[in-house]
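J.: Let me give you the structure first, and then I'll get to my questions.
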Amino acid sequence: MNTHRRNFLGGAGALTGALAAASVSKVALAALPEPVLQTSPDTMAPLAPATGRPYNPVVTLNGWTLPWRMNQGVKEFHLVAEPVVREMAPGFKAHLWGYNGQSPGPTIEVVEGDRVRIFVTNRLPEHTSVHWHGQRLPNGMDGVTGLTQPGIAPGKTFVYEFVARRPGTFMYHPHADEMTQMAMGMMGFWVTHPKARHPLIAEVDRDFVFLLNAYDIEPGSATPKTMTMLDFNLWSWNSRIFPGIDSLNVRLHDRVRIRVGNLTMTNHPIHLHGHEFEVTGTDGGPVPRGARWPEVTTDVAVGQMRQLEFVADEEGDWAVHCHKSHHTMNAMGHDVPTLIGVDHKDLARKITNLVPDYMVMGERGMADMAEMQMPIPDNTAPMMGGRGPFGSVEMGGMFSVLKVRRDQKPGDYANPGWFKHPPGTVAREFDGALAAPARTRDAGSAAMPAQHTPTRNIEVQVRKPGTHTGH
Ligand SMILES: [Cu+2]
């Protein structure tokens, strides 16, 4: 939701003749909708439907929605699986695989009951397929290589066709060499809007979508290590890391829906500040009203999707983030020892003689890292940062800001800047006299001395195992 939002149609010009010539024959091309490619990682304005049934479109965080064409009552889309260069944060570009110029691929939006035809052209160096996660569809359209279809070979185009039977929140991803292809960023969002007022699907003012994904890219390099199973160093939303993730900008009292899908290898407890929400739906469908309860954090397990809904009735800049603290950090070495409380002045002086840029990490915690700019390799992002109105936010990874503003116009997604706090409503330094803390000489706290304290040591007898005599 940058102020430089680009009209996605501007991206249509990015179609290259080389692509068309290399991948599909002229006859096939005549029947194919022209693929629309995207070159910008900015959040696109919602794509209002010009044809077909009307609906209230979603906003894909740092992403876009794929345009379609109507062909005799069928909504036709064209996905191109291909290597892409994705800017994960300003100054940091990753070599990923994705669809139509970006990773994740474009969001696909349709309406319940739509007949949908999706052309998938493969420009990857290996075969692929697309699985339409969560959809009711004919088995042969399910996209599982080897099980329901042959893989789409490099250079080939396949066609998927089915009716979007169930309204809700879905995603798509390959079911072919998934470990590699998902580690490289191949995935996308899918929303099926209800065809009429639905008793369990609220009409909302703002509807944001993003996928949780994770990468292992060594600082200074650009290609993810695809064999990594757990120790990822980049925790991203739509292949962006904070401060590269756009804010979610809403108007005071808007009803807001945030749809999240998880295609990483671990769970992510998504936490919203300042408001309570309900989980109103999953990729399995809308949650019955009697089964909803208030939350401020909801866990999104691997392969799951969650719809959070709330009324944004508190003005301000509210953090929204994964609550695993390591997931709000960017690329770092995991072998850094804990140095809190260690005095290493002498050591630092000696090293600085040899390496002038050397900075000792963590003597007082890690917050200094965000303020001082330690030199980092080209093409990576600082471990944490993000300049806020009061200094560094000291965050990275899966972190963004919900900006609730009284004067945000309906339908305006532009970033309103930092919140201007009413006078007297910001935590401030206390400048009165400080009383000395009261401490007791006994064990326990000052207010409540410990009771039943043993007066002598209790000896614990532990029998240690003797010689192991084997099995
Ligand atoms: Cu997380």
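No lab work stands behind these numbers, since they all come straight from the coordinates. Please read these numbers as outputs of a predicted model, since none were measured by experiment. Note that we place each Cβ from the backbone using ideal geometry, even for glycine, and neighbour counts take in every protein chain shown.
J.: Provide 95, 173 in ascending order of the number of other Cβ atoms located within 10 Å of each residue's Cβ, fewest first.
T.: On the way: 95 16, 173 24.
Least crowded to most crowded, the residues run 95, 173.
J.: Here's another thing I want to ask about it. For the stretch 8-311, report the translational diffusion coefficient in µm²/s to the nearest whole number, using Stokes-Einstein at 4 °C, 1.567 mPa s, and a Kirkwood Rh over Cα pairs. It would help to have the intermediate numbers written out before the result.
T.: Working: Rh = 19.6 Å.
Approximately 66 µm²/s, per Stokes-Einstein.
J.: Same structure again: Which GluC sites (Glu not before Pro) in the stretch 129-228 sit in a loop by DSSP (not H, G, I, E or B) and have at most 13 other Cβ atoms within 10 Å of their own Cβ?
T.: Values: sites: 161, 178, 203; in loops: 203.
Passing both the DSSP loop test and the Cβ count: 203.
J.: A further question follows. Within a Cβ distance under 13 Å of residue 253, other residues only, what is the Lys/Arg minus Asp/Glu net charge? Please list the in-between numbers first.
T.: Numbers: positive: 206, 251, 255, 405, 406; negative: 205, 254, 313, 314, 315, 407.
Every neighbour counted, the sum reads -1.
J.: Starting from the Cα gyration tensor of the stretch 146-190, multiply each eigenvalue by 5, take the square root, and state the resulting semi-axes largest first in whole Å.
T.: Numbers: eigenvalues 84, 52, 19 Å².
Here the semi-axes work out to 21, 16, 10 Å.
J.: With a cap of 15 neighbouring Cβ atoms within 10 Å, and only residues DSSP puts in a loop, list the trypsin sites (Lys or Arg not before Pro) found in the stretch 150-203. The partial results should precede the final answer.
T.: Details: sites: 156, 165, 195, 197; in loops: 156, 165, 195, 197.
Those satisfying the criteria are 165, 195, 197.
J.: Bin width 10 Å, origin at 0, all Cα-Cα pairs of the stretch 39-140: what percent of pairs per bin?
T.: Spelled out bin by bin, the stretch 39-140 gives 13, 41, 35, 10, 1 percent.
J.: I've got another one for you. Which order results if 162, 430 are arranged by neighbouring Cβ count within 10 Å, fewest first? Write down the numbers at each step before the final one.
T.: On the way: 162 18, 430 7.
Ordered by Cβ neighbours within 10 Å, fewest first: 430, 162.
J.: Quick check on the exposure proxy: order 205, 246, 407 from fewest to most C-beta atoms within 10 angstrom.
T.: Numbers: 205 16, 246 24, 407 9.
Ascending Cβ contact count within 10 Å gives the list 407, 205, 246.
J.: How about residue 75: which aspartates and glutamates have a C-alpha closer than 16 Å to its C-alpha, ignoring those fewer than 8 places off in the same chain?
T.: Correct list for residue 75: 34, 109, 112, 114, 161.
J.: Starting at 0 and stepping by 10 Å, how many percent of the alpha carbon pairs of the stretch 247-307 end up in each bin?
T.: 20, 52, 26, 2
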